[in-house]
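Notes follow the structure.
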Amino acid sequence: MADLSLRTCAAASSPASHNTLDNVRSALALSPYWTPRAEFDETQTRASVWSQLELNDVYERIGGTVTSRHVERTDSDGIPWTATEITLTTDVPGVGTVETFTDLYDGPAEYGYRDDLPVLLALAAAQRCPAAHPEDPDPCDGPAAVTILDRTTAGADGCEHHGARMLASLEGGRVYALPDAPAGAAIRMFKAAATTRPYAWVERGEGQ
């Protein structure tokens, strides 16, 4: 049993382990003394930062993929609450996939909340439905509810807002409600498309 404990301690302090920590600290610009804290859900390849400002610094420096999820937290009084966790996933040389995360805080800007932060803009773009065109800055008005098809039956799923814009930009387009769509979604979106302005690239005659 003692030998097993010694081998476990040796593995924990092996050069490979130290190299991983050094590479992660360097890539994320963490303190040279940073070590993962299990109580904060950190590992050698998963590190938390204080706010969106620090997360944005990492994003602007090394890029990556931005996602979000709802997580359960507990405050100092032991009361549970739900937070939105933003995670930046990057590929760090010599390590592989590394995650940097923070909870979304929508308080004053000086504490990290600004809609114009590139990391939050990337998150918003990633969360938009497939029917949202890059030239359309509007957020989705809900989950994907319809499938929009063109004359060749190529298409995309979309929320009602972006689905209406896509349909308005197509000739001979069709729309079908997804199985879990709200009642009347397809009809509602079809009517909206009739009074919706097509995307600018259609009006410029740049194709569909």
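The values are calculated or read from the model by the stated rules, or taken from the named source; none is laboratory data. Bear in mind that the values here come from a model prediction, so they are computed numbers and not experimental data. Methodologically, a virtual Cβ is constructed for each residue, glycine included, from the backbone with ideal geometry; neighbour enumeration extends over all protein chains shown. With ligands, DNA and RNA removed, areas are computed over all heavy atoms of the protein, side chains included. Shrake-Rupley method; radii C 1.70, N 1.55, O 1.52, S 1.80 Å.
Some observations on this one:
- Ser48 long-range amide H proximity, modeled H, under 5 Å: Phe101
- Under 5 Å between amide hydrogens, built in the peptide plane, is the criterion, and for Leu104 it picks out Thr84, Glu85, Ile86 among residues at least 5 positions away or on other chains.
- Computed accessible area, Ile187, all protein chains, 1.4 angstrom probe, square angstrom: 110
- Solution diffusion estimate, µm²/s, Stokes-Einstein, the stretch 23-132, Kirkwood Rh from C-alpha pairs, 37 °C, viscosity 0.692 mPa s: 223
- Note on Ala194 and Asp22: their simple-model spin labels are 6.9 nm apart, each label 7 Å out from Cα toward Cβ.
- Taking all protein chains as they are arranged and a probe of 1.4 Å, the heavy atoms of Tyr176 leave approximately 110 Å² accessible to solvent.
- Under 5 Å from the amide H of Val146 lie the amide H atoms of Gly158, Leu178, each residue being 5 or more positions distant or on a separate chain, with H modelled from the backbone and absent for Pro and chain starts.
- Each residue of the stretch 176-193 was assigned a 3J(HN,Hα) from its phi angle through the Karplus curve 6.51 cos²θ - 1.76 cosθ + 1.60 (θ = phi - 60°); the sequence is 10, 6, 6, x, 9, 6, x, 4, x, 4, 5, 5, 4, 5, 4, 5, 5, 4 Hz, with glycine and proline shown as x.
- In the context of the full set of protein chains, residues of the stretch 27-113 present 59 Å² of accessible surface per residue (probe radius 1.4 Å, heavy atoms only).
- The label point for Thr89 and the one for Thr43, both projected 7 Å from the Cα toward the Cβ, are 1.3 nm apart.
- Under 19 Å from a label point set 7 Å out along the Cα-to-Cβ vector of Asp57, the amide N atoms of the stretch 114-129 belong to 114-121.
- Once the C-beta distance of Gln127 and Ala183 is scaled by a Förster radius of 22 Å, the resulting FRET efficiency is 0.35 to the nearest 0.05.
- Full-stretch length increase - Asp136, Glu72 - with 0.36 nm per residue and alpha-carbon distance subtracted: 19.7 nm
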